[in-house]
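Following: one structure in C-alpha cells, then a few remarks.
The values are calculated or read from the model by the stated rules, or taken from the named source; none is laboratory data. Note that the coordinates shown come from a computational prediction; the quantities given were computed from them, not determined experimentally. With ideal geometry, Cβ positions are generated from the backbone for all residues, glycine too; neighbour counts draw on all protein chains shown. Quick note on the areas: whole protein, heavy atoms, side chains included, nothing else; ligands and nucleic acids left out. Shrake-Rupley method; radii C 1.70, N 1.55, O 1.52, S 1.80 Å.
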Amino acid sequence: MKRLAIFASGAGSNAKRLIDYFSGNQTISVALLISNRKEAGALEIARKAGITAINFSKEEFYNSSTVIEKLTSEKIDFIVLAGFLIKVPDNILKAYENKIINIHPALLPDFGGKGMYGLNVHKAVIESGKKESGITIHLVNEHYDEGRILFQAKCSVLENDTPEKLAARVQELEHQHFPEVVEHFISEKL
Ligand code: GRF
C-alpha cells in the first residue's frame, strides 16, 4: 500500500476528489491531510472521511521538524499538493524528491511562479489575450512551478470571460483529471 498525504490551504474541492477516488483502492490510500490554514475547508472534508487532518503553523513548517516527523511517523510515500499556497519547506523537498505532485491552474511554463495562484492566474491569462488555458500537473522542485510536467489538459478562453468563469472551467478539468494522473504516476513506481 502506498500512502499519500494531501497538502491543501483552501476549500479542498480537489482534496475531496482525491479522497473519494482513492477510497477503497487496494494499492493507494490517502492517509493524511495537512494544511497551513486552520480554517481551510479541506481539513473538514478529510475529517468527515475519517482521515487524520492537521493544521500546522508557518512556524512549524519552516522552523521545526514537526511536519517531516509527522510524515515519517505516518509512513507517507507521496505528497499531493491540492491548492497548497505556501512553498514546501526544503527539508520536505529533500526527503520527497520526485515524490511531490502539484496541480497548477494554467498551462505552465506560462503563468507560473510567485504570486500566480487563484484568480491572479486567470486574470493574467485573460489580460494576455491567450485563447487557451488549462491545467498542469507536475512534480515539485525547489523552484515554483518548474518541476517535470506529468500532464496538461486545455480549455478555451472565451470572448467575455471573467477570471471567475475561467476558474470554474479550469477547475472542472482539475477534478476530471487530477486523481487519475496521481494514480498513474504512483502505479508506475510500484
Ligand atoms: C485549484 O485551482 C488549484 O489548481 C490551485 O488552487 C485551487 C484549489 O482549489 N492551486 P480547491 O481548494 O481544491 O477547491
Practice problem: For H175, tell me the accessible area in Å² from a 1.4 Å probe, rounded to the nearest 10. | Solution: 40
Quiz item: Which sequence of L173, L32 reflects their accessible areas, 1.4 Å probe, from the largest down?
Solution: L173, L32
Quiz item: How far is helix 163-189 tilted, in degrees, relative to the longest principal axis of the Cα atoms in the chain, given as a value from 0 to 90 rounded to the nearest 10?
Solution: 40
Quiz item: Which whole-number percent is the relative contact order of region 73-187 (Cα, under 8 Å, 6+ apart)?
Solution: 25
Quiz item: Distance from the Cα centre of region 147-180 to that of region 18-85, in angstrom?
Solution: 24
Quiz item: Counting only protein chains, not ligands or nucleic acids, how are M1, M116 ordered by accessible area (probe 1.4 Å), most first?
Solution: M1, M116
Quiz item: Which whole-number value in Å² is the accessible area per residue of region 1-97, probe 1.4 Å?
Solution: 48
Quiz item: Once phi is turned into θ = phi - 60°, what whole-Hz ³J(HN,Hα) does the Karplus curve with 6.51, -1.76 and 1.60 give for every residue of region 20-33, x standing for Gly and Pro?
Solution: 4, 4, 8, 5, x, 5, 7, 10, 10, 10, 7, 9, 7, 10
Self-check item: Above-threshold pairs, the threshold being 28 Å between Cα atoms, out of K99/K131; K87/K131; K16/K114; K16/K130; K38/K70; K123/K154
Solution: K99/K131; K87/K131; K16/K130
Quiz prompt | Estimated inter-spin distance, L150 and K189, nm [label 7 Å along Cα→Cβ] | solution = 0.8
Quiz prompt | Viscosity 0.692 mPa s, 37 °C: Kirkwood-radius Stokes-Einstein D of the chain over Cα pairs, µm²/s | solution = 196
Quiz item: What's the FRET efficiency of E159 with E44 using the Cβ-Cβ distance as r and R₀ = 35 Å, to the nearest 0.05?
Solution: 0.40
Quiz item: Among rounded, prolate and oblate, which fits region 1-97 when a ≥ b ≥ c are the square roots of the eigenvalues of its C-alpha gyration tensor, a/c under 1.5 means rounded, and a/b larger than b/c means prolate?
Solution: oblate
Self-check item: Cα centre as origin, Lys/Arg/Asp/Glu Cβ charges: the chain dipole, Debye
Solution: 280
Practice problem: With only Lys, Arg, Asp and Glu charged, each at its Cβ (+1 for the first two, -1 for the last two), find how big the charge dipole of region 1-97 is about the Cα centre; round to the nearest 20 debye. | Solution: 200
Exercise. Calculate for the chain the 222 nm mean residue ellipticity that helices alone would give, adding -39,500 (n - 2.57) per DSSP H run of length 4 or more and normalising by residue count, nearest 500 deg cm²/dmol.
Key: -12000 deg cm²/dmol
Practice problem: Could you rank R37, R47, R148 by how accessible they are, 1.4 Å probe, largest area first? | Solution: R148, R47, R37
Quiz item: So for the chain: antiparallel DSSP bridges make up what percent, rounded to the nearest 5?
Solution: 40
